[in-house]
Amino acid sequence: MYVIGSDTMNTPIRAVSPKLKSNVNGSSTLTFTLYYKYWDEEIEDFLDNPFTKILVNEKKIKLRYGAPNDPDCKWYDLVIKNIVENSNSKAFEYTAKDQFVNELSKSGFDLEFAPELENNIGNIKQLSETILEGSDWKVADDCSVLLQYKEEPLYRIELKDSISGTDMLTGEKIDLIQSGETIYIFYSHLANMD
């Protein structure tokens with residue numbers, strides 16, 4: 001991983017015209033330009049920019065946005081996704097995107113939730129922790145568990161036949177609800193009955 005910023009920003013090999021764009025979905029895109037050659041004042045000649053060989057597609061870079069001691073200073077982990085050569089200006093134009101988009105999409109490929117694996121039941125926090133295993137991401141300790149409510153109509157039904165069951169201790173058959181009694185049932189269960 002290479003760091004764009006810090007000491008290199010004051011040298012002739014630095015990135016120029018940096019633009020950081022924050023997208024609506026929370027991701028960020030960085031564009032910047034790097035010249036092929038730079039003027040070395042000691043030897044009074046042009047030299048190849050060493051960063052052009054290092055900064056290639058899929059290379060991870062780190063960007064500091066703000067002064068080091070500033071409380072609003074933020075670090076971005078990015079991956080170079082596109083490099084365009086501009087022969088007129090003798091420079092490369094780079095586009096880098098947030099690294100977390102890659103990390104999360106890669107971690108999702110090998111996920112399998114199934115009753116046989118006993119990993120498909122849990123609240124949102126437990127399932128999120130399973131999904132994020134193997135990545136640098138963690139579920140916040142203070143996140144509240146989301147509750148889902150489903151409003152569904154109830155139907156009043158008079159039983160034509162009694163509902164019976166088996167006593168687990170004795171094995172004998174017993175009537176749980178007698179025929180002619182009224183019960184209430186959710187529409188989804190009623191619609192799925194034959």
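The values are calculated or read from the model by the stated rules, or taken from the named source; none is laboratory data. No experiment lies behind these values; they were computed from the predicted model shown. Positions of Cβ are backbone-derived with ideal geometry, glycine not excepted, and every protein chain shown enters the neighbour counts.
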Completion exercise
All conditions in (1) in a loop (DSSP other than H, G, I, E, B); (2) closer than 21 Å to Phe32 by Cβ; (3) of a type outside the set (A, V, I, L, M, F, W, C); (4) at pLDDT below 80 are true of Asn102 except (1)
Problem - Lys37 being within 18 Å of Leu20 (Cβ to Cβ) and surrounded by 11 or more Cβ atoms within 10 Å (Cβ to Cβ) - result: no
